[in-house]
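Data block below; observations after.
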Amino acid sequence: MEHDRVGTRAWVLHPDIKSDPDRRPAKPALGEAVALAAALPGLDVAGSETVSLPKAHAGMLFGKGKIEELRLRFEAEEVELVLVDGPVSPVQQRNLEKVWGVKLLDRTGLILEIFSDRARTREGVLQVEMAALSYQRTRLVRAWTHLERQRGGLGFVGGPGETQIEADRRAIDDQLVRLRRQLDKVVRTRDLHRKARAKVPYPIVALVGYTNAGKSTLFNLLTGAEVTAKDMLFATLDPTMRRVRLPDGPEVILSDTVGFISDLPTELVAAFRATLEEVLAADLILHVRDISHPDTESQARDVTAILSSLGVDDSRPQIEVWNKLDLLDPEAREAMAARAARSDGIIAISALTGSGIDGLLAATAERLQDRRHTSALHLAFSDGKRRAWLFRQDIVQTETQTEDGFDITVLWTPRQQAQFEAL
């Protein structure tokens, strides 16, 4: 069967494993996986399907019959790349590639591809390279000989990436050490920028949310900036910051962050901590939710879990922003807006039409009324726990060691001062 060539022909599989305790609802999970694939330039998604399994097969992931059925389908559809929405071990990858005669990427590999395509800042690029190398290091199973050596095209899918796959662990480790050194330099520079920002008496408002929730569209609306706002997963990968004056309120620094996603591979959570560092310094977090998405509740839980893992606790002021009201039918829209109006800390909006934005700005200004102020503290050497807390909050301006402890100047909100006094 001949097909018009647009790019690498890919097929998306979502293994729905009954025995998996973290199993996600199959339909939205497959939809998200297809959207991930669509976010990668040069891919032509030829088809997608869910494969139901009682449990994963150790060496091949799928059962024999299913593997043969899929092989025939891939052959008929001229598929060159199979994307498996879940973890695939190096051995499973090698075996499936051999049987199917295609290149295979698991969820981590696909997300790495997208991150490498999107990272723009020096830091983002370095962190993606490190994450990619750590991932490849676990995949040095010397059995890719059945694939064409060079297929050109995408970074890790073919072409230049193949040489890394063939590199031995020592070469990768040397490269990781070099990248880590470069990254340390970049992070130190950012640290200086952040310290300079901490001295500015503007509160920081961070936008967080599941990927594709509409954060960048909201950011553009509030700041007039042209941040990439595409209906695409992971459109934003580097922290973007702008100053915004709230009506009748303070000036604030608004920060747009990378979109969160369920089952984000651990090497990528580490790689993208920097884009989330702004959240740790934020005075207020706006958690943007796509309220029209069928899986909006579990997406919100994923975001909360990642925030907790970063060290953002419940005491940090948050407003939940229910976005994309415009995608609901009039009846559901009215019900949702009424629900939000009855709830403390929830604002319903449409970043696309601008509906509800005035209410969001007013709520933001109200939450930030407890403006930051400077205090001078003296802590004894034995007061290590409280001193560590101050540094964790990113509010220390100066610190001088004295004979019996530390003189510290902090810039904080009354809320943080109360928390500190309660320690």
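Out of the strands (runs of 3 or more DSSP E) lying entirely within region 320-423, which hold 2 or more residues that are under 18 Å from Ala282 (Cβ atoms)?
396-402, 405-412
Look through region 367-394, keep the residues that are over 32 Å from the mean Cα position of the chain (by Cα) and aliphatic (A, V, I, L, M), and return whichever of them is farthest from Gln417 (Cα to Cα).
Ranking the candidates gives Ala380 first.
Considering only residues that are more than 18 Å from the chain's Cα centre (by Cα), within 16 Å of Gly86 (Cβ to Cβ) and either not in a strand (DSSP E or B) or not assigned by TED's automatic domain parsing to the domain that holds Glu77 (or both), which ones fall in region 29-58?
Listed by number, the residues that qualify are Leu30, Pro54, Lys55, Ala56, Ala58.
Here are the criteria: (1) modelled with pLDDT of 90 or more; (2) part of a loop (DSSP other than H, G, I, E, B). Tell me which single one Pro87 does not satisfy.
Looking at each condition in turn, Pro87 falls short on (1).
Kindly provide the set of residues from region 59-76 that are of a type in the set (Gly, Ala, Ser) and in a helix (DSSP H, G or I), ordered by number.
Within region 59-76, Gly65, Ala76 meet the criteria.
Given the residues Glu113, Glu77, Glu148, which is the only one that is at pLDDT below 80 and under 21 Å from Arg9 (Cα atoms)?
Glu148
Please state which of the following conditions His287 fails to meet, knowing it meets all the rest: (1) at pLDDT 85 or above; (2) more than 13 Å from the chain's Cα centre (by Cα); (3) not in a strand (DSSP E or B).
(3)
Quick one: is Thr398 touching a Ser or Thr at 6+ places or on another chain (Cβ under 6 Å), free of Cβ contacts under 8 Å to residues at least 12 places away in the same chain and within 30 Å of Ala422 (Cβ to Cβ)?
When the stated conditions are applied, Thr398 passes them.
What number of residues in region 8-28 are closer than 20 Å to Pro294 by Cα and not in a strand (DSSP E or B)?
Residues meeting the conditions: 7.
Of the numbered conditions (1) surrounded by 18 or more Cβ atoms within 10 Å (Cβ to Cβ); (2) among the acidic types (Asp, Glu); (3) modelled with pLDDT of 90 or more, Glu49 fails exactly one; give the number of that condition.
That leaves (1) as the condition not met.
For region 297-319, which positions are assigned to a loop (DSSP other than H, G, I, E, B) and not hydrophobic (A, V, I, L, M, F, W, C)?
Within region 297-319, Gly311, Asp313, Asp314, Ser315, Arg316, Pro317 qualify.
Can you work out which of the residues in region 315-341 that are more than 18 Å from Thr296 (Cβ to Cβ) and out of contact with any strand residue (DSSP E or B) (no Cβ under 9 Å at 6 or more places or on another chain) is surrounded by the most Cβ atoms within 10 Å (Cβ to Cβ)?
Ser315
Out of everything in region 160-210 that is in contact with a strand residue (DSSP E or B) (Cβ under 9 Å, 6 or more places away or on another chain) and in a helix (DSSP H, G or I), what residue ends up being modelled with the highest pLDDT?
In this case the residue turns out to be Lys195.
Have a look at Ala33, Ala38 and point out the one that is touching a residue at least 12 places away in the same chain (Cβ under 8 Å), among the hydrophobic types (A, V, I, L, M, F, W, C) and surrounded by 21 or more Cβ atoms within 10 Å (Cβ to Cβ).
Ala33
Residues Leu377, Leu352, Leu360: which one is surrounded by 14 or more Cβ atoms within 10 Å (Cβ to Cβ) and either in contact with a Cys (Cβ under 7 Å, 6 or more places away or on another chain) or not assigned by TED's automatic domain parsing to the domain that holds Leu280 (or both)?
Leu377
State whether the residues of region 212-221 include one that is of a type outside the set (Gly, Ala, Ser), modelled with pLDDT of 80 or more, surrounded by 14 or more Cβ atoms within 10 Å (Cβ to Cβ) and assigned to a loop (DSSP other than H, G, I, E, B).
Checking region 212-221: at least one residue is of a type outside the set (Gly, Ala, Ser), modelled with pLDDT of 80 or more, surrounded by 14 or more Cβ atoms within 10 Å (Cβ to Cβ) and assigned to a loop (DSSP other than H, G, I, E, B).
The values are calculated or read from the model by the stated rules, or taken from the named source; none is laboratory data. This is a predicted model, so every value here is computed, not measured. Here the Cβ is made from the backbone with ideal geometry for all residues, glycine too, and neighbour counts use every protein chain on show.
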